[in-house]
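Novice: Here you go, one structure.
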Amino acid sequence: MAAFVACRSHRLYLGFLKLCVATLLCLFVQMTLLNSHNRPWPALSRTLAARVALIYPDLDADILASKIIDAFWPDGTQRRKRARRPGNALWSQDDALLITYGNSLIDGKHKPLDLLHHFLGSQLSGVLDGVHILPFFPFTSDDGFAVSDYTSVNPQLGDWADIQRIAGDFKLMSDLVLNHVSSQGQWFNAYRQRQAPYDRFFYEGDPEDDLSTVVRPRTTPLLQEVETLDGPRHVWCTFSHDQIDLDFRNPEVLLEFLRIIRQHVENGVQIVRLDAVAFLWKEPGTPSIHMPQTHEIVKLIRMLCDFAIEPIILLTETNVPKAENLSYFGNQDEAHVIYNFPLPPLILHALLSGDARHLVKWQRSMPPAPLGCAYLNFTASHDGIGMRPAEGLLSPEDQAAMIDTVEKNGGRVSMRALPNGGVAPYELNTTFFDALRETFDGPDDHHIERFLCSQMIVMSLEGVPAFYIHALLATANDHDSVEKRGMNRAINRHRWNYDVLQAKLADPTSRHAIVLEALRKRLKLRRKQVAFHPNATQFTLQMADPRVFGLWRQSLDRRQSIFALHNVSAETVTLPAATLNLIEDESWGDLMAPDDVIGEEITLAPYQCRWITNMG
């Protein structure tokens, strides 16, 4: 009997144990199903861990990958099961961007972001479909690029609701200023007090380190001594002593910026601009630019963007020579878009000299953007006209002539430090409109036509065109701001009184109205041409006359061709139509002059541009 009872008890115990196991398994499955939205998909977690291991080889890649996913997709934010494949669907010929500060338009009565929204809707609806609002966060210097608080909108501009309203009507680009922060912001103040986690957020150098090969865009000392609770430290300052470089060797810095990207996206941002990203990773004894870890971090961010439900386009800002700039496309796994930085100095030189040969030579050597990638084309931005991208493209004599003419036109030149202790031109500080006021040959009557030609080249090229607000408005150099603010770049950062601007735009004889209306008409026309898709085929024409810059664009379906011709000189140019190899059994016309008949010769007046196509 005792044995029977023991046996029965044993069976009951086993049954109870099985029931407990089954219950626990059931609960585990239920919890798994309930939380499956917050678990990384295998494709993402595997590839992310592999990427993390390349950046942080001494850390547990799986654990850090999990933290990265939680930072980018907090609270179970939805994501794709598979990465978005490279393709041409992220943009079209409709795409063109305005570049502006949040307070480029002011009136003392309304929030600047409200004025910007009104300007976009009243002047640029159906003309441009996107807007890059330069850093709109609280800041202490560099017109927004010394951010003191990444979580809020500068109250002098507006608030997140204003940002969301603009994003509801236009594709919005925001700046991720991720190389450095303000020396007066919360993060750096906490660093000086040795408060975690910020006590490990900033890159500390040693004056004894070999820093002779570090590439700099400025002439100020690289290291700055600061007092902390633990005594003096030397922090790395690539740009200025108010802009303290972050230390991405600490993965907590990366995680924090992934949370910031998510905040941008949640507020309507579709294009994320990685500001000064080339300087992200530093190592004494190296140039500390374009480091392998920097490229891996860009690839990591791109991977997260490609797994996001929202369409997120990644743009890298790397104002460097051609090969270095192109490297940020990676193997179709880094930036979706890169700036075409050689364009501003090359277009400027062509129009000042009346000779397009340097522009043609460079463009013929440019590869088409990889599938899923595109160029951002521009002539003017909030910064100056960069001279580093012109290295190897323009001779020292060509550069000197351009600098001399820009200075005659009221512009200035900023220098950068060289490793040997010398200096070299870093950028020309001027509005693009005033840079073209007179040429190498002196003043003439073609200023507006010359400027419009520069913008037409931007519209014609493979890629997405972008236009700085002061280019669209034909703004003159702001010398008063340079004197008041003590910085050369202020010359191109005028703040328009909105009432004054509206009055000028209402006057059809003002240069502001003439230029804006001419550019609006051309941009509206451009949007209708499938041959101007950012990835449509492009071939640079080898013209016999160096005064003409010519391109052939063909739509992705090969139905439409456009021959874009630009006379960069103050002289009338006549070309044989046979130069273009126009197909005989198709009807060809000029989109810019529909009534003109294309005969055996094609004439271009001074600075005239023609879009000759088989499909009107």
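The values are calculated or read from the model by the stated rules, or taken from the named source; none is laboratory data. What you are looking at is a predicted structure, and each value in this text was computed from that prediction instead of being measured. Cβ sites come from the backbone with ideal geometry, for glycine too, and all protein chains shown count toward neighbours.
Novice: Being more than 24 Å from Pro135 (Cα to Cα) and hydrophobic (A, V, I, L, M, F, W, C) narrows it down to one residue among Leu280, Leu246, Leu255, Leu229; which is it? Show your work before the answer.
Specialist: Values: Leu280 fails: more than 24 Å from Pro135 (Cα to Cα); Leu246 fails: more than 24 Å from Pro135 (Cα to Cα); Leu255 fails: more than 24 Å from Pro135 (Cα to Cα).
Unique residue meeting the criteria: Leu229.
Novice: Of the conditions (1) without any contact (Cβ under 8 Å) to a residue 24 or more places away in the chain; (2) more than 20 Å from the chain's Cα centre (by Cα), Cys237 fails just one. Which one is it?
Specialist: Checking Cys237 against (1) without any contact (Cβ under 8 Å) to a residue 24 or more places away in the chain; (2) more than 20 Å from the chain's Cα centre (by Cα), the one that fails is (1).
Novice: Can you name the condition, by its number, that Glu391 falls short on among (1) acidic (Asp, Glu); (2) more than 13 Å from Ala471 (Cα to Cα); (3) at pLDDT 95 or above?
Specialist: (3)
Novice: Within the stretch 567-590, identify whether any single residue is acidic (Asp, Glu) and in a strand (DSSP E or B), and answer yes or no.
Specialist: yes
Novice: With the requirement that a residue be in contact (Cβ under 8 Å) with a residue 60 or more places away in the chain and either outside any helix (DSSP H, G or I) or within 27 Å of the chain's Cα centre (by Cα) (or both), what does the stretch 502-515 give you? If you could, list the steps in order and put the result at the bottom.
Specialist: First pass over the stretch 502-515, keeping only residues in contact (Cβ under 8 Å) with a residue 60 or more places away in the chain: 505, 511, 514-515.
Hit for the stretch 502-515 is Val515, nothing else.
Novice: Check the stretch 431-450 and report whether any residue there is surrounded by 24 or more Cβ atoms within 10 Å (Cβ to Cβ), among the β-branched types (Val, Ile, Thr), touching a strand residue (DSSP E or B) at 6+ places or on another chain (Cβ under 7 Å) and modelled with pLDDT of 95 or more.
Specialist: No, every residue in the stretch 431-450 fails to be surrounded by 24 or more Cβ atoms within 10 Å (Cβ to Cβ), among the β-branched types (Val, Ile, Thr), touching a strand residue (DSSP E or B) at 6+ places or on another chain (Cβ under 7 Å) and modelled with pLDDT of 95 or more.
Novice: Here's another thing I want to ask about it. Would you please list the contacts, defined by Cβ atoms under 7 Å and residues six or more apart or on different chains, that run from a residue in the stretch 187-209 that is farther than 20 Å from Ala146 by Cα to a residue that is of a type in the set (Asp, Glu) and in a loop (DSSP other than H, G, I, E, B)?
Specialist: Within 7 Å, the pairs are Arg194/Asp230.
Novice: Right, something else. Restricting to the stretch 587-616, name every residue that is more than 34 Å from the chain's Cα centre (by Cα) and β-branched (Val, Ile, Thr).
Specialist: Val597, Ile598, Ile602, Thr603
Novice: Using the structure shown, decide if Ile63 is in a helix (DSSP H, G or I), within 23 Å of Glu310 (Cβ to Cβ) and hydrophobic (A, V, I, L, M, F, W, C).
Specialist: Values: in a helix (DSSP H, G or I): yes; within 23 Å of Glu310 (Cβ to Cβ): no; hydrophobic (A, V, I, L, M, F, W, C): yes.
So Ile63 fails the test.
Novice: Also: Scan the stretch 550-571 and tell me whether some residue there is at pLDDT below 95 and closer than 27 Å to His446 by Cβ.
Specialist: No: zero hits.
Novice: Can you run down the residue pairs with Cβ atoms below 8 Å, 6 or more apart or on separate chains, where the first is in the stretch 574-594 and under 21 Å from Leu523 (Cα atoms) and the partner is modelled with pLDDT of 90 or more and of a type in the set (A, V, I, L, M)?
Specialist: Qualifying pairs under 8 Å: Trp588/Ile612; Gly589/Ile612; Asp590/Ile612; Leu591/Leu525; Leu591/Ile562; Leu591/Ile612; Met592/Leu525.
Novice: Residues of the stretch 113-142 being surrounded by fewer than 22 Cβ atoms within 10 Å (Cβ to Cβ), over 15 Å from Gly102 (Cα atoms) and touching a Phe, Trp or Tyr at 6+ places or on another chain (Cβ under 8 Å), which ones?
Specialist: The answer is Asp129, and nothing else.
Novice: Which residue is nearest to the chain's Cα centre (by Cα), if the candidates are limited to the stretch 554-581 and must be closer than 20 Å to His533 by Cβ, crowded, with 24+ Cβ neighbours inside 10 Å and not aliphatic (A, V, I, L, M)?
Specialist: So, considering only residues that are closer than 20 Å to His533 by Cβ, crowded, with 24+ Cβ neighbours inside 10 Å and not aliphatic (A, V, I, L, M), the one nearest to the chain's Cα centre (by Cα) is His566.
Novice: Residue check: is Pro135 farther than 30 Å from Asn497 by Cα, at pLDDT 95 or above and in a loop (DSSP other than H, G, I, E, B)?
Specialist: Against the criterion (farther than 30 Å from Asn497 by Cα, at pLDDT 95 or above and in a loop (DSSP other than H, G, I, E, B)), Pro135 does not qualify.
Novice: Return the residue satisfying two criteria in turn: it lies in the stretch 215-229 and is at pLDDT 95 or above and part of a loop (DSSP other than H, G, I, E, B), and of such residues it is nearest to Gly386 (Cα to Cα). Talk me through it step by step, then tell me what you get.
Specialist: Taking the stretch 215-229 first, the residues at pLDDT 95 or above are 222-229.
From the residues that got through so far, the ones that are part of a loop (DSSP other than H, G, I, E, B) too are 222, 229.
Numbers: Leu222: 21, Leu229: 40 Å.
Going through the qualifying residues, I end up with Leu222.
Novice: Of all residues in the stretch 38-88 being loosely packed, with under 15 Cβ neighbours inside 10 Å and aliphatic (A, V, I, L, M), which is nearest to Glu334 (Cα to Cα)?
Specialist: Ala50
Novice: Which numbered condition in (1) in contact (Cβ under 8 Å) with a residue 24 or more places away in the chain; (2) at positive phi is the only one that Ala466 fails?
Specialist: Single failed check for Ala466: (2).
Novice: Another question, then. Which one of Leu346, Leu376 is of a type in the set (A, V, I, L, M), in contact with a His (Cβ under 7 Å, 6 or more places away or on another chain) and crowded, with 23+ Cβ neighbours inside 10 Å? It would help to see each step written out before you state the result.
Specialist: On the way: Leu376 fails: in contact with a His (Cβ under 7 Å, 6 or more places away or on another chain).
Testing whether each residue is of a type in the set (A, V, I, L, M), in contact with a His (Cβ under 7 Å, 6 or more places away or on another chain) and crowded, with 23+ Cβ neighbours inside 10 Å leaves just Leu346.
Novice: Here is a follow-up. How many of the residues making up the stretch 384-398 are surrounded by fewer than 20 Cβ atoms within 10 Å (Cβ to Cβ) and either aromatic (Phe, Trp, Tyr) or in contact with a helix residue (DSSP H, G or I) (Cβ under 7 Å, 6 or more places away or on another chain) (or both)? First the steps, then the outcome.
Specialist: Step one: of the stretch 384-398, the residues surrounded by fewer than 20 Cβ atoms within 10 Å (Cβ to Cβ) are 391-393, 395-398.
Then keep just the ones that are either aromatic (Phe, Trp, Tyr) or in contact with a helix residue (DSSP H, G or I) (Cβ under 7 Å, 6 or more places away or on another chain) (or both); that gives 393, 398.
Number satisfying all stated conditions: 2.
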